[in-house]
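Inspection log for the structure reproduced underneath, given as structure tokens.
The values are calculated or read from the model by the stated rules, or taken from the named source; none is laboratory data. These numbers come from a predicted model, not from an experiment. Ideal geometry is used to build each Cβ from the backbone, glycine not excepted, and the neighbour counts take in all protein chains shown. Accessible surface is based on the protein model in full, side chains and every heavy atom, while ligands, DNA and RNA are left aside. Shrake-Rupley method; radii C 1.70, N 1.55, O 1.52, S 1.80 Å.
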Amino acid sequence: MFDFNEDEVERYSRHILLQEVGVEGQAKLRESSVLVVGAGGLGSPVAYYLVAAGVGKIGIVDFDEVDLSNLQRQILHSTDDVGRAKTDSAKETLEALNPNVEIITYNQRLGTDNVEDLVSQYDIVIDGVDNFAARYLVNDACVFTNTPLVEGGILRFEGQVTLIDPEEGPCYRCVFPEPPKPGSIPSCQEAGVLGAIAGTIGTLQATEAIKYLLGIGESLIGRLVIYDALQLSFREVKIEQNSDCSLCGAKPEITELEEYTIHCSLQEND
Amino acid sequence: MELVVNGEKHETETSNLLELLEEFDVNPDLVSLKVNEQVVNKDRIEVTELSDGDEVEMLFFMGGGN
């Protein structure tokens, strides 16, 4: 019925053993698609685990090239990849891991002209972007197209993650109404980040996407989880749909996508 | 009075949100602020008064995916 061949059954056997997944869940994953925005610190573990898990189709968006300073945390890329397009390097690594997964790469910058079309082609989107212009753009596009979004961020020794389902809970703007002032927020490039934290948060994002696709467990909708690595503590903040939200509130002011190019000057090339 | 700030009890003299941020040495540009269930608009920080028992969350902007 689920027509997995012998190799696939063996490859996914530890999933299939799980009551909550089973052959049926594994088949669901194979039918699913996830768009990973950014093939960097967060996108690396996210894509790695989703491809290993056998999600049928993974899209990866990035326009950047691999830099030596990326390799401390961006585990999709290797020393020999420095200078290559991140999408090419990512595709090669991921195809070597699991040839059963379709990897579609978009070596392009996200903008108002392409983002809605892209996100709406996937079951769920995972945010691993390095600048707030793209972060708000992805949030807005997901709200407009009703596409769920696993949101994640990291800085220094901390990270945060939440699941945005526009049909059910708050969006990013409900909690962070406006993009920060240009230059006010330090990027990882300026402030630093412990590389392994990208792994912690990215792995949480991948797990939440898989839970969402399988429909198992407690959803992360309406919960912002904050990870403090130095204390080794996780804290949960309840977040709610904000009736004043300029995007998904009672009287939305934002009715079409806006470009926030002014805000990315400082955070680019992170 | 006693507040709960970022999940922990905090004894303070001030009842003003901006002053509380100064007490924590937090730049208002770096955070989104929640008092109890309500997200506080940027232009309201200075005029937001706190009461005993209020729960304040300072939620930091975090980017840094790449």
Next on the checklist: Which GluC sites (Glu not before Pro) in region B:33-66 sit in a loop by DSSP (not H, G, I, E or B) and have at most 13 other Cβ atoms within 10 Å of their own Cβ?
Outcome noted: B:E37, B:E46
Next on the checklist: Please compute the per residue accessible area over chain B with all protein chains in place, 1.4 Å probe, rounded to a whole number of Å².
Outcome noted: 52
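Counting Lys and Arg as +1 and Asp and Glu as -1, what is the net charge of the other residues whose Cβ lies under 11 Å from the Cβ of A:R156?
-3
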Checklist entry - Carbon-plus-sulfur fraction of the accessible area of region A:25-93, 1.4 Å probe, in percent? => result 48
Checklist entry - Looking only at other chains, what is the average number of their beta-carbon atoms within 10 angstrom of each beta-carbon in B:27-38? => result 3
Item to check | Peptide A:146-155, shielding by other chains (average Cβ, 10 Å cutoff) | outcome: 2
Checklist entry - A:E20: net charge of surrounding residues, Cβ under 13 Å, Lys/Arg +1, Asp/Glu -1, itself excluded? => result +1
Checklist outcome for this item: Here the membrane-span-like helices of chain A, with no claim about any membrane, defined by DSSP H, Cα axial extent at least 27 Å and mean Kyte-Doolittle at least 0.0, are A:195-214
Checklist entry - Counting partner chain Cβ atoms within 10 Å of every residue's Cβ in B:51-63, what's the average? => result 6
Checklist entry - Using a Förster distance of 51 Å, how high is the FRET efficiency between A:N146 and A:R235, based on the Cβ-Cβ distance and rounded to 0.05? => result 0.95
Checklist entry - Within chain A, what is the number of lysine pairs with alpha carbons under 26 Å apart, leaving out pairs fewer than eight places apart on the same chain? => result 11
Checklist entry - Using a Förster distance of 22 Å, how high is the FRET efficiency between B:E46 and A:D244, based on the Cβ-Cβ distance and rounded to 0.05? => result 0.75
Checklist outcome for this item: Net charge (Lys, Arg +1; Asp, Glu -1) of residues whose beta-carbon lies under 12 Å from that of A:E259, A:E259 excluded, is -3
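Order of A:90-100, A:143-153, A:192-202, A:105-115 by packing, highest average Cβ count within 10 Å first?
Listed from highest to lowest mean packing, they are A:143-153, A:192-202, A:90-100, A:105-115.
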Checklist outcome for this item: Given a Förster distance of 45 Å, the FRET efficiency implied by the Cβ-Cβ spacing of A:D7 and A:E167, rounded to the nearest 0.05, works out to 0.75
Checklist entry - With a ≥ b ≥ c the root eigenvalues of the C-alpha gyration tensor of region B:2-60, is it rounded (a/c under 1.5), prolate (a/b larger than b/c) or oblate? => result rounded
Checklist entry - Using θ = phi - 60° and the Karplus form 6.51 cos²θ - 1.76 cosθ + 1.60, what ³J(HN,Hα) does each residue of region A:114-130 get, whole Hz, x for Gly and Pro? => result 10, 5, 5, 4, 5, 5, 6, 7, 10, 6, 8, 10, 10, 8, x, 8, 9
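Multiplying the sequence separation of A:E20 and A:Q121 by 0.36 nm and subtracting their Cα-Cα distance, what value in nm do you get?
Taking A:E20 through A:Q121 to full extension adds about 33.7 nm, to one decimal.
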